[in-house]
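Trainee: Starting off with a structure, shown below.
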Amino acid sequence: MQKTLSVIAWLVAWGWALIAGAGGFLLLVHEGPFPITNGWFAMFSGIAACPLTARLLKRYARVVVPGYIQFAVALLIFIAGRVAVVVLLQRPFLPDKLMVGAIAAAIFTLCLAFSQPHARPTTPD
């Protein structure tokens, strides 16, 4: 079961990286860099979610980033982008039909991420 969840999380991370990262980059190329909502947040959210980012940080910067932290950062960047769209462009946060599904998916994913057992360091007595 744990292996299955890990594979699903890995596939979702790559999917997010490809769709949001590449989509944000293509939007920047097509529409230009201004206003700030034109793909920047999507691209950086995709970069944050990409499993390759964690691997490169571990290899070259010697920083280990847990998957749930990586997911949280990517989600926060995505939410910041949506807030920027609401504030700067006066558009809705998400279309009405997507709002309920997006909230349910985010809550479900966070529950999965935080339900995994984490190793805790022990101190010798």
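Trainee: Quick one: what are the phi-derived ³J(HN,Hα) couplings along the stretch 4-18, Karplus 6.51/-1.76/1.60 with θ = phi - 60°, whole Hz, x for glycine and proline?
Mentor: For the stretch 4-18, the Karplus curve yields 5, 5, 5, 5, 5, 4, 5, 5, 5, 4, 5, x, 4, 4, 6 Hz.
Trainee: On to the next question. So for each of 35-41, 83-89 I average, over its residues, the number of other beta carbons within 10 Å; can you give me the resulting order with the highest mean first? Show your work: numbers first, answer last.
Mentor: On the way: 35-41: 17.7, 83-89: 13.0.
Per-residue Cβ counts within 10 Å, averaged per peptide and sorted highest first, yield 35-41, 83-89.
Trainee: Then there is this: From the alpha carbon gyration tensor of the stretch 2-114, can you work out the equivalent ellipsoid semi-axes (sqrt of 5 times each eigenvalue) and give them in Å, largest to smallest?
Mentor: Each semi-axis is the square root of five times an eigenvalue, giving 25, 19, 11 Å.
Trainee: Show me, for the stretch 46-51, the HN-Hα J-couplings you get by feeding each phi into the Karplus relation (A = 6.51, B = -1.76, C = 1.60, θ = phi - 60°), rounded to Hz, glycine and proline as x.
Mentor: x, 5, 5, 7, 5, x
Trainee: Applying the Karplus parametrisation 6.51 cos²θ - 1.76 cosθ + 1.60 with θ = phi - 60° to the phi angles of the stretch 56-62, what ³J(HN,Hα) value in whole Hz is obtained for each residue in order, glycine and proline being reported as x?
Mentor: Running phi through 6.51 cos²θ - 1.76 cosθ + 1.60 with θ = phi - 60° gives 5, 4, 5, 6, 9, 9, 6 Hz.
Values quoted throughout were computed directly from the atomic coordinates according to the rules given, and no laboratory measurement underlies them. These numbers come from a predicted model, not from an experiment. A quick note on method: Cβ atoms are made from the backbone with ideal geometry, for glycine too, and the neighbour counts reach across all protein chains shown.
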